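Visitor: Structure incoming, see below.
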Amino acid sequence: MRRREFVELAAATFAASVVGACAPREGIPPATAGAGSSGPLDAAAFRAARRYAPTSFGKIAYVERGSGETAVFLHGAPLNGFQWRGAIERLSGRRRCVALDFMGLGYSEIPEGQSVSPAAQTAMLGAMLDALGVSKVDIVASDSGGAVAQMFMVRHPERVRTVLLTNCDVEPDSPPPKIMPIIEMARAGTLADGMVKWLADKAAARAIFGKAVYRDPNQLTDDIVDYYFSPLVSSTLRKRQYEAYHIALSPNPLAGIEPALKRCTVPTRIVWGTSDDLFSQASPDYLDRTLGQSRGIRRVPGAKLFFQEELPDVIAEEALRLWGA
């Protein structure tokens, strides 16, 4: 690879790397064997288990496993619900676990012009839960999904049993400074083009993106890179929606939320990776003193932004603790 091409690829991939049990109602097919089985959720199994919830926002992709009270898992950018596969494997014996794909990310199918802002994602979450026949949930969230979790818990506290927050946006740090170059690339229409190069050079994706947000970048096999990033650039519309997701992160979607968080009565636990340099290491303390029903902080030494994928045992342990299991 010529030096100029490598520099372009490095810039694009590094920018992208630092961007957080009720039965189904009519219209939702019964769970497939893959969705409810106990086998490992690798990329092939996750793909086979994928289903779509029809909502007014579009067809929202999700994978579910287990039964009983529902837990919903909210991912960050530029990932999708596959991020939570390990946690779902461990928790599906205690909950109906649902991992969705946000609009503009993953495999959800939405029409041109549909807003993909955090406020729209929050409304979509409510609509999807309605489509699945779910009245109340436990939420597990990371990255920009953590912003949606906070917005949902203050707007619909009656629908939330508990929230488990990992490294994510908070009002004083949203969007964090390191995400601004990514937002500018999205505004310029160049962010998705970098992703195309990334898919063509998966070793560079591991070396740059993986190193930035995972403790062990080698876990990003070619299949996993494909599963995360292929849908983002599968069409011109999908490229623009992917960029719109980032553009909508500024101005601060959490501006003014602090008083509502202080009044919120939803039990919330915070689990924070200490080697994440995207979100401020002061943020978990902010959440702990701000949330009206904080259950404290667990810091995970050496964990980077997307440690939830690498350390699913930590997520399962803290979720069960919060759920009182």
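Throughout, read-outs are computed from the coordinates displayed, never taken from laboratory work. All values reported here derive from a predicted model rather than from experimental measurement. Counting neighbours? That spans all protein chains shown, and the Cβs are built from the backbone with ideal geometry, glycine included.
Visitor: Sort 170-180, 230-240 by the packing proxy (mean of other Cβ within 10 Å over each peptide's residues), most packed first.
Guide: Packing proxy ranking, top to bottom: 170-180, 230-240.
Visitor: Summing -39500 (n - 2.57) over the DSSP H runs of n ≥ 4 in the chain and dividing by its residue number, what mean residue ellipticity at 222 nm do you reach, to the nearest 500 deg cm²/dmol?
Guide: -11500 deg cm²/dmol
Visitor: Next question, about the same structure. What's the magnitude of the charge dipole for the chain around its Cα centre, counting Lys and Arg as +1 and Asp and Glu as -1 at the beta-carbon? Answer in Debye, nearest 20.
Guide: The calculation lands at about 300 debye.
Visitor: Which entry in (1) 55, 43, 37; (2) 85, 44, 42; (3) 71, 47, 33 is this structure's computed Cα extents along the principal axes in Å?
Guide: Only one option fits the structure, namely (1).
Visitor: Take peptides 121-127, 186-192 and line them up by average Cβ neighbours within 10 Å, highest first, as a rough protection proxy.
Guide: 121-127, 186-192
Visitor: What's the exposure ranking of Ile247, Ile315, going from fewest to most Cβ atoms within 10 Å?
Guide: Ile247, Ile315
Visitor: Going toward the positive end of the dipole of the chain, with +1 on Lys and Arg Cβ and -1 on Asp and Glu Cβ, which of Ile257, Gly93, Gly146 do you reach last?
Guide: After comparing all options, I get Gly93.
Visitor: While we're on this one: For Ala282 paired with Ser230, estimate the spin-label separation in nm (one decimal), with each label point 7 Å from Cα along the Cα-to-Cβ line.
Guide: So the two model labels end up 4.4 nm from each other.
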